[in-house]
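First the structure, in the form of structure tokens, and then the observations on it.
The values are calculated or read from the model by the stated rules, or taken from the named source; none is laboratory data. Keep in mind the model is a prediction, meaning the values are calculated, not measured. As a convention, Cβ positions derive from the backbone with ideal geometry for all residues, glycine included, and neighbour counts pool all protein chains shown. In case anyone asks, the SASA skips ligands and DNA or RNA and just uses the protein heavy atoms, side chains included. Shrake-Rupley method; radii C 1.70, N 1.55, O 1.52, S 1.80 Å.
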Amino acid sequence: MNIVICGSMTNYSKMVTIKERLISMGNKVILPDPSTNEQLKKIISKGYVDTYKLKIKYDYIRKHYNHIVEADCIIIANYDKNKIKNYIGGNAFLEIGFAHILKKPIYLVNPVPKIRYYFHEIKAMNPIILNNQLSIFKSFKDKNSVAVRQQI
């Protein structure tokens, strides 16, 4: 299965762990690659800074959208951030929307966060909550995303 991981870059090390687990199960996994940019490395190690200039310069939003187009599904690595349980930020919210419009299954590592601005919108896109259980991706042999969603 071809999987794209999305989430807050402050939790990048956790995304790498998810990627390694999924690859060990025979999946192909794409996640944002901060190794190409020193400033993004600083974001990961020190937390959020104003990043819009980097996003424009390197076209990160469009690049990750193109990854989602090619994927069978997305996984949102929604871990706690800034005292918000199961945090989903602006970019991850966009990526959930992209996947929804493209009719790709949307998986959340943890339950939908209680963020009043878009809690209902995320719920309406019908994400599948993994509760940090990635083992379901071991059994998926069929690359068809509709069939995968029906197996859940």
For region 110-131, pairs from a residue that is without any contact (Cβ under 8 Å) to a residue 40 or more places away in the chain and more than 22 Å from Ile18 (Cα to Cα) to a residue that is open to solvent by 50 Å² or more (accessible area, probe 1.4 Å) and part of a strand (DSSP E or B), with Cβ under 8 Å and 6 or more apart or across chains, are Ile115/Ile84
In region 70-106, what count of residues is obtained for those that are under 13 Å from the mean Cα position of the chain (by Cα) and assigned to a helix (DSSP H, G or I)?
11
Listed by first then second residue, the pairs whose first member lies in region 56-80 and is over 17 Å from Met125 (Cα atoms) and open to solvent by less than 50 Å² (accessible area, probe 1.4 Å), whose partner is assigned to a helix (DSSP H, G or I) and of a type in the set (Lys, Arg), with beta carbons under 8 Å and at least 6 positions apart or on separate chains, are Tyr79/Lys14
